[in-house]
Amino acid sequence: MKIVGVTSCSTGIAHTYMAAEALKKAAKSLGCEVKVETQGSVGTEDKLTEDDIKNADIIIIASDVPISGRDRFEGLDNVYESGSEPFIINADQELKKAIDCLKK
């Protein structure tokens, strides 16, 4: 399973990167490929490509603020949206929730 994500928070510092690392760790523990774009105070890092998005089984948006480039995900039915905190607190549980929600 291929998972891509975007993380962002209001200040673009701690929660952005904490959520990204937690999502990566949770995805890898499930044996999934993962790539996470961060939109933090230093700008966008590890930007998702069109191919990343097209080939993703699940797209996670873990953000507390509107993300830039949101239009890239318009009309896709494999997008799961959450705040950053659920992934920081328990990424394994939140990722499993996302997978379950998108299977329906």
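The values are calculated or read from the model by the stated rules, or taken from the named source; none is laboratory data. Since the structure is predicted, the reported quantities are computational estimates derived from the model, not experimental observations. Counting neighbours? That spans all protein chains shown, and the Cβs are built from the backbone with ideal geometry, glycine included. The accessibility values were calculated without ligands, DNA or RNA, using every heavy atom of the protein model including side chains. Shrake-Rupley method; radii C 1.70, N 1.55, O 1.52, S 1.80 Å.
Residues of segment 1-17 that are within 18 Å of residue 96 (Cα to Cα) and buried (at least 18 other Cβ atoms within 10 Å of the Cβ): 3, 4, 5, 6, 7. Does at least one position in segment 35-49 carry a residue that is touching a Phe, Trp or Tyr at 6+ places or on another chain (Cβ under 9 Å) and of a type in the set (Ser, Thr, Tyr)? Looking through segment 35-49, at least one residue is touching a Phe, Trp or Tyr at 6+ places or on another chain (Cβ under 9 Å) and of a type in the set (Ser, Thr, Tyr).
A single entry from 37, 21 fulfils the requirement of being in contact with a Lys or Arg (Cβ under 7 Å, 6 or more places away or on another chain), surrounded by 13 or more Cβ atoms within 10 Å (Cβ to Cβ), without any contact (Cβ under 8 Å) to a residue 40 or more places away in the chain and of a type in the set (D, E, K, R): 37.
Restricting segment 47-101 to residues that are acidic (Asp, Glu), in contact with a strand residue (DSSP E or B) (Cβ under 8 Å, 6 or more places away or on another chain) and closer than 20 Å to residue 10 by Cα leaves a set whose member that is most open to solvent (accessible area, probe 1.4 Å) is 81.
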